[in-house]
Amino acid sequence: MRKKTRATKVSEVQRRWHLVDAKGKILGRLASQVAQLLMGKGKPNFAPYLDMGDYVVVINAKEIMVTGKKEREKLYHRYSGYPGGLKTETLGELRKRRPEEIIRRAVKGMLPREKLGRRMITKLYVYSGSEHPHEDKFNGGKEK
């Protein structure tokens, strides 16, 4: 009897909620772990053509660590679309202005650069402090 490979369907995808504390963690290592959760790579029925990932809530984004001189030398760019509208700031300046944006950008760079990646990043919630509005999704530390 021949066994057939079974394709995973969208209706079979089960999503869980994960709470990640960024306090004292290194930016790149944390971002790669979060990207794996958002893509659903650890699931036994993973399919690269489906959005199988889980929801991820990252807290304490302002206390993320970076190594070396990145605090002063790593640059972030944004462009308004107008002539002379290119704005550049260091990681330290972005941390003061919007610390949650540092983690969001690092994770986004590790996701697929297509419609699927844009859908995956919508399941990421990043907060600069330890307070977040998703307490109802977790049952006393146990993920739902």
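Any read-out appearing in this document is the output of simple, stated calculations on the displayed coordinates, not a laboratory observation. Since we're looking at a predicted model, the values are computed, not measured. A quick note on method: Cβ atoms are made from the backbone with ideal geometry, for glycine too, and the neighbour counts reach across all protein chains shown.
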Placed amide H near His18: partners under 5 Å, 5+ positions off or other chain:
Tyr55, Val56, Val57
Counted neighbours (other Cβ, 10 Å), sorted fewest up, put Ile121, Ile102 in the order Ile121, Ile102
Once both axes come from the Cα atoms, what is the angle between helix 99-108 and the longest principal axis of the chain, in degrees from 0 to 90, rounded to 10?
50
Pair-distance profile P(r), taking every C-alpha pair of the chain, with 10 angstrom steps and integer %:
10, 35, 32, 16, 5, 1, 0
Formal net charge of residues neighbouring Glu12 (Cβ-Cβ distance under 12 Å; K, R +1; D, E -1)
+4
For the pair Thr90 and Gln14, how long in nm is the line joining their label points, each one 7 Å along Cα→Cβ?
4.8
Straight distance only, please: which lysines reach the Cα of Lys25 with their own Cα at less than 23 Å, same-chain residues fewer than 8 apart left out?
Lys41, Lys62, Lys69, Lys70, Lys74, Lys96, Lys108, Lys123, Lys142
Within the chain, excluding any chymotrypsin sites (Phe, Trp or Tyr not before Pro) found in a DSSP loop (not H, G, I, E or B) and having at most 14 other Cβ atoms within 10 Å, the longest uninterrupted segment runs 50-144
Exposure proxy ranking, count of Cβ atoms within 10 Å, fewest first, for His134, His18:
His134, His18
Rounded to the nearest 10 degrees, what's the angle between the helix 27-39 long axis and the longest principal axis of the chain, both from Cα atoms, 0 to 90?
30
If you count the DSSP beta bridges with both ends in segment 15-138, what percent of them are antiparallel, to the nearest 5?
35
